[in-house]
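The values are calculated or read from the model by the stated rules, or taken from the named source; none is laboratory data. Keep in mind it's a predicted model, so treat the numbers as computed, not measured. All Cβ positions, even for glycine, are placed from backbone atoms using ideal geometry, and neighbour counts span all protein chains on display.
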Amino acid sequence: MLHCCNVVNLPEELRLLKKFHGHLGPYVVVGYRMGGLARQKLVGRLKAVSFTGTKPPLSCIIDGVQYSSSCTLGKGNITVLEAGDAKVQFLDDKHLVEISLLDKVKEGIDRSMSHDTEELLALTIFNEPEADLFHVTTIERSPIETRVKLK
């Protein structure tokens, strides 16, 4: 059971993410974790496709992805699709990695999130093992796919 109010002792990474995003909730941390995981699995310049859509709170994943993966709207190497899914695909020259938030985690966030619990939920997501949060699929891309540019 979650209890009240603000989490005071945030790790430096989360304090900086909070400053970037404007507040700290669980979905920005989900995106942050997704982008960090993609950076571990892929090399070089990445592209990302977010399936979150642009409606908060799910769209907060986009800011976390931008912050940790260096895929940004300004550089044009992230695309946002209006699918309403907590899923992001990351691509480098040779691989596609799809990272989806587990349904049980999303349901738990949606059931528990409030103004009073958002930072505690964010900290919980930050500290959870990746296997308890995400379904990750890695696919080797064929040479023809690597020449196709995302629009």
*Just to be sure, is residue 85 surrounded by fewer than 19 Cβ atoms within 10 Å (Cβ to Cβ), at pLDDT below 95 and not hydrophobic (A, V, I, L, M, F, W, C)?*
no
*Hey, any hits in the range 49-68 for a residue that's of a type in the set (Gly, Ala, Ser), under 19 Å from residue 96 (Cβ atoms) and not in a helix (DSSP H, G or I)?*
yes
_Filter result for the condition that a residue is at pLDDT below 95, more than 24 Å from residue 117 (Cα to Cα), surrounded by fewer than 24 Cβ atoms within 10 Å (Cβ to Cβ) and β-branched (Val, Ile, Thr), over 7, 49, 43, 80_ = 43
*Confirm whether residue 93 is more than 25 Å from residue 12 (Cα to Cα), in a helix (DSSP H, G or I) and over 15 Å from the mean Cα position of the chain (by Cα).*
no
_Looking at the range 64-78, can you tell me whether even one residue there is closer than 12 Å to residue 26 by Cα, touching a residue at least 40 places away in the same chain (Cβ under 8 Å) and out of contact with any strand residue (DSSP E or B) (no Cβ under 6 Å at 6 or more places or on another chain)?_
yes
*Selection within the range 111-130 - more than 16 Å from residue 101 (Cβ to Cβ) and loosely packed, with under 13 Cβ neighbours inside 10 Å*: 114, 115, 116
*Being surrounded by 12 or more Cβ atoms within 10 Å (Cβ to Cβ), more than 16 Å from residue 21 (Cα to Cα) and in contact (Cβ under 8 Å) with a residue 24 or more places away in the chain, is that true of even one residue in the range 53-61?*
yes
